[in-house]
Amino acid sequence: MLGWILGIIVLLLIGICAYAGHFFITAALFKNSTWYVNKGHKMLNPDNFNQERTVYTDIEERQNEEAHAFWDKEATGEIFMEFSGETLCAREFKAFPATNRWVIAVHGYRSSGKRDMSLPAKRFLDAGFNVLVPDLRAHGKSTGEEIGMGWLEKEDVKAWIQKILTHNNQAEIILFGGSMGAATVMMASGDELPKQVKLLIADCGYSSVYDEFNDMLHSALHLPGAPIMFFANLFCKSKLGFTLKEASSVKQLQKNYLPTLFIHGTKDKFVPHEAIYKNMEATQGVKESLLIENAPHLSSWIYDEKRYFETVFQFIDNNLKKGE
């Protein structure tokens with residue numbers, strides 16, 4: 001009798017973990033998840049919902065006002081591209097005088113180019129770079145339902161690289177990404193990229209989707225990681241065609257020889273800043289890091305804007321050849 005009871009308990013636990021794994025994948029990786037909109041976002045990234053006003057709140061509001069005014073006024077135009085069964089959208093900013101230098105600025109999870117990349121786009125344009133800001137599949141004005149946490153989206157970025165090269169074969173391209181955008185850039189780095197891609201800048205990117213989800217289960221949802229992640233991994237493979245372990249910044253960076261600047265805030269609750277050490281250790285090329293004290297997720301340029309962009313442009317100057 002005891003054996004039957006234990007067997008039933010084990011089956012129940014397996015069933016609960018399988019259900020939780022399926023629910024987590026559906027909620028996290030499909031655009032129209034009502035759970036994420038209603039509950040998940042606040043649980044996983046509570047800093048976005050902090051109502052306490054600080055000096056940094058004022059800085060963020062000033063930056064957003066400046067950046068969104070720039071976005072609406074300065075764009076050369078929106079570009080649409082058919083790719084992988086979806087219609088992808090990007091906004092292009094052309095520098096004057098004309099230059100071959102380009103930055104592709106990639107936004108984060110469930111966000112958009114305008115929301116995350118308006119300020120960096122303005123800073124790069126002001127510094128004389130052309131800037132392309134895509135909306136990744138299933139984000140912003142791009143179509144799609146599946147969110148690949150960088151693994152699927154790296155193909156979008158590679159397609160935008162080719163789009164630039166179609167019109168400017170002499171381009172020198174920098175890949176800049178924040179949060180999931182940083183993971184997208186790092187994951188792309190392990191693929192065969194055109195020689196025109198010169199360097200990478202990754203702000204608060206995770207080491208792998210498996211690590212990120214496992215950490216979220218522990219820290220935000222207070223659930224046991226290993227048994228749920230086992231089933232989540234299986235469901236991700238069956239639904240989206242890749243495993244959470246396969247979608248790894250670390251594994252891709254092990255094949256990367258491009259100079260890479262890694263940035264992270266030390267108070268990041270969404271992607272723990274310890275990920276920067278795993279990513280830095282993995283990459284094979286020139287590497288530098290910037291840690292911004294007390295900065296929450298994707299907020300480093302809010303907490304120390306001067307140091308942030310000075311470091312970014314110094315890294316570019318040191319690693320991108322002078323001249324066109």
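Table for the structure above
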{"read-out": "Selection count where residues are in a loop (DSSP other than H, G, I, E, B) and either under 17 Å from residue 94 (Cα atoms) or among the charged types (D, E, K, R) (or both), scope the range 137-168", "value": "4"}
{"read-out": "Sole exception among (1) in contact with a helix residue (DSSP H, G or I) (Cβ under 8 Å, 6 or more places away or on another chain); (2) over 28 Å from residue 27 (Cβ atoms); (3) without any contact (Cβ under 8 Å) to a residue 60 or more places away in the chain for residue 258, by number", "value": "(3)"}
{"read-out": "Filter pass, residue 128 being in contact with a helix residue (DSSP H, G or I) (Cβ under 6 Å, 6 or more places away or on another chain), assigned to a loop (DSSP other than H, G, I, E, B), within 23 Å of residue 306 (Cα to Cα) and modelled with pLDDT of 95 or more", "value": "no"}
{"read-out": "Flag for residue 285 being closer than 30 Å to residue 169 by Cα and either of a type in the set (Gly, Ala, Ser) or free of Cβ contacts under 8 Å to residues at least 24 places away in the same chain (or both)", "value": "yes"}
{"read-out": "Residue within the range 237-252 that is under 26 Å from residue 39 (Cα atoms), crowded, with 22+ Cβ neighbours inside 10 Å, of a type outside the set (Gly, Ala, Ser) and over 14 Å from the mean Cα position of the chain (by Cα) present", "value": "yes"}
{"read-out": "Residue selected from the range 156-174 under the condition touching a helix residue (DSSP H, G or I) at 6+ places or on another chain (Cβ under 9 Å) and over 16 Å from residue 100 (Cβ atoms), by the criterion surrounded by the most Cβ atoms within 10 Å (Cβ to Cβ)", "value": "156"}
{"read-out": "Pair list, Cβ under 9 Å, 6 or more apart: the range 159-176 residue farther than 11 Å from residue 194 by Cβ and modelled with pLDDT under 95, other residue in a strand (DSSP E or B) and of a type in the set (S, T, N, Q)", "value": "168/130"}
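Every residue, every condition in (1) at pLDDT 70 or above; (2) of a type in the set (Lys, Arg); (3) under 19 Å from residue 179 (Cα atoms); (4) surrounded by 10 or more Cβ atoms within 10 Å (Cβ to Cβ), yes or no:
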{"residue": "9", "(1), (2), (3), (4)": "no, no, no, yes"}
{"residue": "12", "(1), (2), (3), (4)": "no, no, no, yes"}
{"residue": "16", "(1), (2), (3), (4)": "yes, no, no, yes"}
{"residue": "20", "(1), (2), (3), (4)": "yes, no, no, yes"}
{"residue": "26", "(1), (2), (3), (4)": "yes, no, no, yes"}
{"residue": "32", "(1), (2), (3), (4)": "yes, no, no, no"}
{"residue": "35", "(1), (2), (3), (4)": "yes, no, no, yes"}
{"residue": "41", "(1), (2), (3), (4)": "no, no, yes, yes"}
{"residue": "45", "(1), (2), (3), (4)": "no, no, yes, yes"}
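The values are calculated or read from the model by the stated rules, or taken from the named source; none is laboratory data. Note that the coordinates shown come from a computational prediction; the quantities given were computed from them, not determined experimentally. Here Cβ is always computed from backbone atoms with ideal geometry, including for glycine, and neighbour counts include all displayed protein chains.
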